Amino acid sequence: QVQLVESGGGLVQSGGSLTLSCAASGSIFRIETAAWHRQAPGKQRELVASMTRGGNTKYSDSVKGRFTISRDNAKNTVYLQMNSLKPEDTAVYYCASHKVGLNDYWGQGTQVTVSS
């Protein structure tokens, strides 16, 4: 009934772009601090971008200047615009909502594959 649902993943060539979306369903749930994480095969999960409800953003060094996180609070939706994609960006991308003292909410993940 209340969950996060990602979409927009796929296969792209190096240098291409993708936009991921993360929508919250249900009238009670709201996305707190929004975050995009990714996990490549055999590697630890990595936080790549986050955004507070007030618009404060942070990015990992590996994606800074190439990725942009945004949100539409009225639509309860978070986006990740990914430009200049590299093969090392290949991973499953997860949307999450974080807030200290509250439960974290996670999406199911969407696969992004960047070919050489």
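The values are calculated or read from the model by the stated rules, or taken from the named source; none is laboratory data. The structure displayed is predicted, hence computed values, not measured ones. Note: ideal-geometry Cβ built from the backbone for every residue, glycine included; neighbour counts use all protein chains shown. Ligands, DNA and RNA are excluded from the accessible area calculation, which covers all protein heavy atoms including side chains. Shrake-Rupley method; radii C 1.70, N 1.55, O 1.52, S 1.80 Å.
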With Cα springs under 10 Å, the Gaussian network model of the chain assigns the largest mean-square fluctuation among ARG30, ARG53, ARG71 to ARG53
Given unit charges at Cβ for Lys, Arg (+) and Asp, Glu (-), the dipole magnitude of the chain about its Cα centre in debye, nearest 20, is 180 debye
Percent antiparallel among DSSP beta bridges confined to the chain, rounded to 5, stands at 90 percent
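Can you tally the net charge around ASP89? Count Lys and Arg as +1, Asp and Glu as -1, for every other residue whose Cβ sits under 15 Å from the Cβ of ASP89.
Working: positive: ARG38, LYS43, ARG45, LYS64, ARG66, LYS86; negative: GLU46, ASP61, GLU88.
After counting each charged neighbour, the total is +3.
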Checking GLN81, GLN44, GLN13 against a Gaussian network model of the chain (alpha-carbon springs below 10 Å), the top fluctuating residue turns out to be GLN44
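If you roll a 1.4 angstrom probe over the protein chains with everything in place, what fraction of the accessible area of the chain belongs to carbon and sulfur, to the nearest %?
Numbers: 3040 of 6310 Å².
Carbon plus sulfur share of accessible area: 48 percent.
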Counting only protein heavy atoms and leaving out ligands, DNA and RNA, the solvent-accessible surface of ASP104 at a 1.4 Å probe, in Å² to the nearest 10, equals 80 Å²
Listed residues ALA96, ALA23, ALA40; largest mean-square fluctuation, Gaussian network over the chain with Cα springs below 10 Å, found at ALA40
Straight-line reach check, LYS99, cutoff 29 Å on alpha carbons, 8 or more apart in-chain or any other chain, hits among lysines -> LYS43, LYS58, LYS64, LYS75
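Given contacts defined as C-alpha pairs under 8 Å and at least six residues apart, what's the relative contact order of the chain, whole-number percent? Show your work: numbers first, answer last.
Numbers: 284 pairs, mean separation 41.6, N = 116.
Relative contact order here is 36 percent.
Which FRET efficiency value, to the nearest 0.05, do you get for LEU11 and VAL100 by plugging their Cβ-Cβ distance into 1/(1 + (r/R0)^6) with R0 = 41 Å?
Details: r = 37 Å, r/R0 = 0.90.
About 0.65, to the nearest 0.05.
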For LYS86, LYS43, the accessible-area ranking with a 1.4 Å probe, largest leading, is LYS43, LYS86
Sorted by accessible surface (1.4 Å probe, heavy atoms of the protein chains only), largest first, LEU4, LEU102, LEU11 come out as LEU11, LEU102, LEU4
In Å², rounded to a whole number, the accessible area per residue of the chain with probe 1.4 Å is 54 Å²
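When only the heavy atoms of the protein chains count and the probe is 1.4 Å, how do VAL100, VAL12 rank by accessible area, highest first? Walk me through the intermediate numbers first.
Numbers: VAL100 145, VAL12 20 Å².
Solvent-accessible surface, decreasing: VAL100, VAL12.
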